[in-house]
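Here is the structure we will look at.
Derivation of every value follows stated rules applied to the coordinates shown; laboratory data play no part. Model, not experiment: these values are computed from the prediction. Cβ atoms come from the backbone with ideal geometry, glycine included; neighbour counts cover every protein chain shown.
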């Protein structure tokens, strides 16, 4: 059976943050591969729409948007191969508890569990940790509907180096109907939050701080010479429920914290209380609105060795950011070999910005941030807002030609492409549509 939004397929509406309305005139939500195949075959252009957590038009289309969110089952937990296979509409929150009950875990998660697994890996979403790679690095196989309407399976084992272009496909490869991820034995995490880390201490001890935990995040507004909060997540084994009294000059939080100053009940448990991996690695709990809600987001990545200098460069702009910035998060991401990953070939530091929903104001400050980070060859997150030119964006991806060839193989008619990809990656002149956020 196929579920469809409206008679003839009405527009999909807005993204999660409501900062944009999709242009796509038709939207379908389906609950079977057969229904998805039918829509792909009968449509001129198609884009997959997951949990709508992108902040620009990367998921938009001039014809049909399709969602397979009802297809969210865990299909197999393979204890021999150490993989979990899920349907393409599943979110991390829908999968993790079942995986944990079977005695397994994913090695890494993003800040919030609400997002689609397929959408997260397709846009190079990541978590935090000196030894934690991009979420897409866990992908071992992908089943998708290609531009010719065929159901195709590619895997790390079968396709080798070519598979490195598949997980982070930016929606251009096809419609992913199932995906397999590497798993590990289940584990438990305890989380401590520290406040008022002196920025000078961070500069002197950056590597030690960021490696002192399974996952470490710095939350800052770049003002006052301090980092507002440090979120430190440690494996239960070998860690203590009581925090250090002095963490590189930061003090343990006296109460539970929220990065943006909202109700801390929205956040995963802190104060050293150990819990399952899936309820500690994210910052936000599944049952609550993540982050701020009404916001814009940007993120830029620089080489790990440039992290301290890049922080100092942004710090010089603190006064210009003050009225717009809700909070900025600084994280480490380990290197991977995925062609379109923001951490391809080398570890990165991610500078994430959560903005007030003021598009005009954010458009004014983003070029200044990008100028400040240009000496460090910063790369933007393609699912968030940025103002870099297409030429500069394309320059960041060493394997872009290989990726283009891969897309042409499976989608020769560019059915799954859109104005955003054509403008930023493949050289067309569609800025009025691609850049409208």
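Spatially, region 130-182 and region 66-88 are offset by 13 Å when compared through their Cα centroids.
Model label points for residue 79 and residue 273, set 7 angstrom from Cα along the Cα-to-Cβ axis, are 3.1 nm apart. To the nearest ten degrees, helix 199-210 and the longest principal axis of the Cα atoms of the chain are 60 degrees apart. When only alpha carbons are used to place a centre, region 8-64 and region 353-378 end up 28 Å from one another.
Taking the centroid of alpha carbons for each part, region 404-430 and region 236-309 are 37 Å apart. Taking region 51-82 and a reference point 7 angstrom along Cα→Cβ of residue 34, the backbone N atoms nearer than 19 Å belong to 67-73. In plain terms, the residue of 393, 121 with the fewest other Cβ atoms within 10 Å comes first and the most crowded comes last, giving 393, 121.
Judged by the mean number of other Cβ atoms found within 10 Å, the most tightly packed of the peptides 142-148, 247-253 leads the ranking 142-148, 247-253. Would region 31-126 count as rounded, prolate or oblate if I go by the C-alpha gyration tensor, calling it rounded below 1.5 in a/c and otherwise prolate when a/b exceeds b/c, oblate otherwise? Cα axes put region 31-126 in the oblate bin.
Sorting 193-203, 169-179 by average packing, meaning the other beta carbons within 10 Å per residue, from highest down gives 169-179, 193-203.
Which value in Å is the Kirkwood Rh of region 305-437 over different Cα pairs? Spell out each step's value before the answer.
Working: mean 1/r = 0.0614 Å⁻¹.
It is 16.3 Å.
Rounded to the nearest 10 degrees, the inclination of helix 92-101 to the longest alpha-carbon principal axis of the chain is 70 degrees. Would you work out if region 390-437 is rounded, prolate or oblate? Take a ≥ b ≥ c from the square roots of the eigenvalues of the alpha-carbon gyration tensor; rounded if a/c is under 1.5, else prolate when a/b is larger than b/c, oblate otherwise. It is oblate, given that a/c is not under 1.5 and a/b is not larger than b/c.
Two numbers describe the Cα atoms of region 188-389: Rg and Dmax, which are 16.5, 48 Å.
Estimated from helical segments only, the mean residue ellipticity of the chain at 222 nm is -6000 deg cm²/dmol, where each DSSP H run of four or more residues counts as -39500 (n - 2.57). What the Cβ-Cβ distance of residue 400 and residue 162 gives, at R0 = 22 Å and to the nearest 0.05, is a FRET efficiency of 0.90. Remark: relative contact order (region 74-185) = 32 percent; criterion is Cα-Cα distance under 8 angstrom and separation of 6 or more residues. In terms of its alpha-carbon gyration tensor, region 156-305 comes out prolate; a/c meets the 1.5 threshold, and the first ratio a/b outweighs b/c.
The packing ranking, built from the mean of other Cβ atoms within 10 Å per residue, places the peptides 264-276, 69-81, 41-53 in the order 41-53, 264-276, 69-81, highest first. Each residue in 245, 180 was given a count of other beta-carbon atoms within 10 angstrom of its own, and listing them fewest first yields 245, 180.
When the inverse distances between all different Cα atoms of region 74-185 are averaged and flipped, the Kirkwood radius reads 14.1 angstrom. Angle of helix 400-410 to the longest C-alpha principal axis of the chain, folded into 0 to 90 degrees and rounded to 10: 40°. Here 339, 16 are placed in order of increasing Cβ neighbour count within 10 Å, fewest first, which gives 16, 339. When only Cα pairs below 8 angstrom with a gap of at least 6 residues are kept, the chain shows a relative contact order of 17 percent.
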